[in-house]
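Okay, structure first, notes after.
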Amino acid sequence: MSPRTKRDVLSAFRCEEILRAARQVFGEKGFARAGIGEIARKAGIAKGTIYLYYPSKEAVYWAALRGGLRDLLTRVADRMREETSFEAKLRAFAETKIRYFDDHRDFFRIYHAELGNALTRPAAADKEFTAIYRDQVDGRELQI
């Protein structure tokens, strides 16, 4: 693997700033009422800059959800690996999720809104988000 360039690092940083702002805006307003302009303002960038990284508001939304879910699952899996008994693993699972949702309330709001939407209109759900979620439900990522 080739070393990351300064441009790669800046791009990753910019994407994370956009997604952090997007989770805040989507968490406060929901998908329909949120706007790319507001996300850009919160991220401290020009509106057009978002479109350099994401083709649409929907793409930003799903990227924000996937990133938050991946972060949550990594934290849960790491914490569970530290434990040996089933009871301790179960406690680590619950405590880590509760702490994550408490610390990331905006992500929690859009995550649960989307799970509800997935039940009523599964065809509209992002395939990658659904796959990540199913891996977590099946325990594949958690190594229980």
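Values for this structure:
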| quantity | calculated |
| --- | --- |
| Residue check for Ala113: under 14 Å from the mean Cα position of the chain (by Cα), at pLDDT below 90, open to solvent by 40 Å² or more (accessible area, probe 1.4 Å) and closer than 26 Å to Ala12 by Cβ | no |
| Given (1) closer than 23 Å to Tyr133 by Cβ; (2) among the hydrophobic types (A, V, I, L, M, F, W, C); (3) loosely packed, with under 15 Cβ neighbours inside 10 Å, index of the condition Leu52 fails | (1) |
| Selection status of Leu19, touching a Gly at 6+ places or on another chain (Cβ under 6 Å), open to solvent by less than 30 Å² (accessible area, probe 1.4 Å) and aliphatic (A, V, I, L, M) | yes |
| Qualifying residue in the range 54-74 (condition: over 19 Å from Asp126 (Cβ atoms) and not polar (S, T, N, Q)) | no |
| Of the criteria (1) surrounded by 13 or more Cβ atoms within 10 Å (Cβ to Cβ); (2) modelled with pLDDT of 95 or more, which one Glu87 fails | (1) |
| Condition broken by Val76, with the remaining ones in (1) under 17 Å from Glu16 (Cβ atoms); (2) at pLDDT below 95; (3) β-branched (Val, Ile, Thr) satisfied | (1) |
| Filter result (over 21 Å from Gln24 (Cα atoms), surrounded by 13 or more Cβ atoms within 10 Å (Cβ to Cβ) and in contact (Cβ under 8 Å) with a residue 12 or more places away in the chain) within the range 56-84 | Val76, Ala77, Arg79, Met80 |
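The values are calculated or read from the model by the stated rules, or taken from the named source; none is laboratory data. Every value quoted in this text rests on a predicted model; they were computed, and no experiment measured them. Methodologically, a virtual Cβ is constructed for each residue, glycine included, from the backbone with ideal geometry; neighbour enumeration extends over all protein chains shown. The accessibility values were calculated without ligands, DNA or RNA, using every heavy atom of the protein model including side chains. Shrake-Rupley method; radii C 1.70, N 1.55, O 1.52, S 1.80 Å.
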